[in-house]
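Peer 1: Pasting a structure below so you can have a look.
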Amino acid sequence: NGVIKFFEGTLKDITERKRTEEELSFVQKKYQEIFDNTPDGIYQSTLDGKFIIVNQSMARIFGYDSPADLVRSVTDIGTQIYADPEDRRKMSEILLNYGEVENFELQVLKKNKEKIWVSINIRIVRNEDGDIDYFEGTLEDITKRKEVEDQLQNLSNRLQLAVHATHIGIWDWDIVNSSTV
């Protein structure tokens, strides 16, 4: 006669699973905030020279509007990012020999082809079989520091020329040890 007499089913307590999912979501959000808000560029790249993922700072350093714009626009890191291909060769050699590179300073090209100085830290990420999966690293814009270093070097050179041209002597006196430096 088509009348429902009763329902049958099961019930499972998923409170613990929901709590774990909420904690995981919270941790993921915190790591995403760090990734998005650090002043240094953070990236992952493929073996064939394409960015997999970059953060907002990386996009800003290179003059792109967004991380997606940088990833989409740079199809060959070797020719579009490195100002001098020899720097890439040197860094790759160190990376392959030691598995990581720390504080490697080089000039790179921004989107508008302006050259800037950066310091790169990069490491190889391997899969379970030990094969290279991808590279990941950080990048810091050190252009201002390099400009100051160049200015100091120029001043030092000018002082040396002036001392040499005038034939005057210069010395430093260490007051604490009563000796010349």
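The values are calculated or read from the model by the stated rules, or taken from the named source; none is laboratory data. Given the structure is predicted, the values throughout are model-derived calculations rather than measurements. Here Cβ is always computed from backbone atoms with ideal geometry, including for glycine, and neighbour counts include all displayed protein chains. Only protein heavy atoms, including side chains, enter the accessible area calculation; ligands, DNA and RNA are left aside. Shrake-Rupley method; radii C 1.70, N 1.55, O 1.52, S 1.80 Å.
Peer 1: Can you confirm whether Asp174 is among the charged types (D, E, K, R) and surrounded by 10 or more Cβ atoms within 10 Å (Cβ to Cβ)?
Peer 2: Working: among the charged types (D, E, K, R): yes; surrounded by 10 or more Cβ atoms within 10 Å (Cβ to Cβ): no.
So Asp174 fails the test.
Peer 1: Another question, then. Residues of the range 85-109 being in contact with a helix residue (DSSP H, G or I) (Cβ under 8 Å, 6 or more places away or on another chain) and either open to solvent by less than 60 Å² (accessible area, probe 1.4 Å) or assigned to a loop (DSSP other than H, G, I, E, B) (or both), which ones?
Peer 2: Within the range 85-109, Val101, Phe104, Leu106, Gln107, Leu109 meet the criteria.
Peer 1: Of all residues in the range 49-84 being part of a helix (DSSP H, G or I) and of a type in the set (Ser, Thr, Tyr), which is most open to solvent (accessible area, probe 1.4 Å)?
Peer 2: Quick first cut of the range 49-84, residues part of a helix (DSSP H, G or I) only: 56-61, 67-73, 77-80.
Right, trim to of a type in the set (Ser, Thr, Tyr) and you get 57, 73, 79.
On the way: Ser57: 11, Ser73: 43, Thr79: 96 Å².
Among residues in the range 49-84 that are part of a helix (DSSP H, G or I) and of a type in the set (Ser, Thr, Tyr), the one most open to solvent (accessible area, probe 1.4 Å) is Thr79.
Peer 1: Within the range 158-172, can one find any residue that is of a type in the set (Gly, Ala, Ser) and not in a loop (DSSP other than H, G, I, E, B)? If you could, list the steps in order and put the result at the bottom.
Peer 2: Pass one, the range 158-172, residues of a type in the set (Gly, Ala, Ser): 162, 165, 169.
Cutting the leftovers down to not in a loop (DSSP other than H, G, I, E, B) gives us 162, 165.
Yes, the conditions are met somewhere in the range 158-172.
Peer 1: Please tell me if Lys5 is surrounded by fewer than 10 Cβ atoms within 10 Å (Cβ to Cβ), among the basic types (Lys, Arg), out of contact with any Phe, Trp or Tyr (no Cβ under 8 Å at 6 or more places or on another chain) and not in a strand (DSSP E or B). Give the steps one after another, and end with the answer.
Peer 2: Values: surrounded by fewer than 10 Cβ atoms within 10 Å (Cβ to Cβ): yes; among the basic types (Lys, Arg): yes; out of contact with any Phe, Trp or Tyr (no Cβ under 8 Å at 6 or more places or on another chain): yes; not in a strand (DSSP E or B): yes.
Considered against the rule, which asks whether it is surrounded by fewer than 10 Cβ atoms within 10 Å (Cβ to Cβ), among the basic types (Lys, Arg), out of contact with any Phe, Trp or Tyr (no Cβ under 8 Å at 6 or more places or on another chain) and not in a strand (DSSP E or B), Lys5 comes out as yes.
Peer 1: Here is a list of conditions, (1) more than 22 Å from Asp36 (Cα to Cα); (2) in a strand (DSSP E or B), and Arg123 meets all of them except one; can you say which number that is?
Peer 2: With respect to (1) more than 22 Å from Asp36 (Cα to Cα); (2) in a strand (DSSP E or B), Arg123 is out only on (1).
Peer 1: Please go through the range 126-171 and give me each residue that is touching a residue at least 24 places away in the same chain (Cβ under 8 Å) and open to solvent by less than 80 Å² (accessible area, probe 1.4 Å), ordered by number.
Peer 2: Of everything in the range 126-171, those that are touching a residue at least 24 places away in the same chain (Cβ under 8 Å) and open to solvent by less than 80 Å² (accessible area, probe 1.4 Å) turn out to be Ile132, Tyr134, Phe135, Glu136, Gly137, Thr138, Leu139, Asp141, Ile142, Thr143, Lys146.
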